[in-house]
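The values are calculated or read from the model by the stated rules, or taken from the named source; none is laboratory data. Here the structure is a predicted model, which is why all the values come from computation and not from measurement. Methodologically, a virtual Cβ is constructed for each residue, glycine included, from the backbone with ideal geometry; neighbour enumeration extends over all protein chains shown. The accessibility values were calculated without ligands, DNA or RNA, using every heavy atom of the protein model including side chains. Shrake-Rupley method; radii C 1.70, N 1.55, O 1.52, S 1.80 Å.
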Amino acid sequence: MARRSEHSKDEIREMVLSAAESLLEKEGLTGVSARKVASEIGYTVGTLYIVFENFDDLLLQVNGRTLDLLQQHLITATQRCRTSQSCINALGRAYAQYALDNPRRWSAIFEHRLPEGQSIPSWYGKRVAHMFELVEQQTSKLHQNRQVISTATRALWCGVHGICVLHMTDKLPLESTGQLHS
């Protein structure tokens, strides 16, 4: 086992996040526990709480990194389109493709619940808002009214998300219909 003095706090933080992400990808959210993460990195569970406030903070950090990866995936998707409509379509397809390619990471964003009375931190809320901003950038080119843009963006993105949820729960197969690639 490694000793605490062998790694800085930042190194331990990265080790914990990497181990949690690895467990999440292999076993899903229910397969991630403080004990398993600590075991993966060769430290005690107490070491996790030197770096993270609690287990929910750790999971939020993992989900925050997933949101960062998803955002980068979406940004990349818009670099190849020429019109707002094609960019909106590309964003929807990229979101769905990310969910298909990373089902456990994607699901963990929505499965993890904070304890009652605890709010998501502002840094996390900003990451979620960035998802909508990418779509708003495109819808704003189609309409001038800010309220209409905001409402339309959220309705559109909730619809895309709903389609992903239906597909991920085997209630709407997208691949067999070719809808992801059109």
Between residues in region 126-137 that are among the hydrophobic types (A, V, I, L, M, F, W, C) and residues that are assigned to a helix (DSSP H, G or I) and open to solvent by less than 70 Å² (accessible area, probe 1.4 Å), which pairs lie under 6 Å by C-beta distance while being six or more apart or on different chains?
F132/T153; L134/L74; V135/L91; V135/T153; V135/W157
Quick check: is even one residue across region 129-145 of a type in the set (V, I, T), open to solvent by 70 Å² or more (accessible area, probe 1.4 Å) and at pLDDT 85 or above?
no
Consider S176 carefully, then state whether it is modelled with pLDDT of 80 or more and farther than 30 Å from E53 by Cβ.
no
